[in-house]
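Structure, as structure tokens:
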């Protein structure tokens with residue numbers, strides 16, 4: 001049986017820039033700065049607050065479904081990891 005995950009799925013990681021620790025998330029739901037997200041994949045499972053997001057190198061406070069946003073993450077992630085709103 002699949003593990004029950006707390007939180008609402010909001011997207012997945014589609015790219016990770018290791019040298020600057022920034023993940024690009026393809027959103028299937030909206031996300032705002034200040035909200036807490038949980039990233040799960042492989043041996044990785046952590047939560048963090050969204051301090052700031054960028055789209056096309058411009059800072060934004062909120063993103064909508066369909067956006068691809070970049071945000072600094074506290075741990076290394078990989079493509080395909082799932083992102084949830086806590």
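Values in this text are rule-based calculations from the coordinates and carry no lab data. If you're wondering where the values come from, they're calculated on a predicted model, not measured in any experiment. With ideal geometry, Cβ positions are generated from the backbone for all residues, glycine too; neighbour counts draw on all protein chains shown.
Annotation: average projected area of the chain is 5.3 square nanometres, based on the convex hull of Cα atoms across all directions. As a length-normalised measure over Cα pairs under 8 Å and 6 or more apart, the relative contact order of the chain settles at 41 percent.
Taking the average, over residues, of other Cβ atoms within 10 Å as the packing measure, peptides 75-82, 20-27 rank 20-27, 75-82 from highest down.
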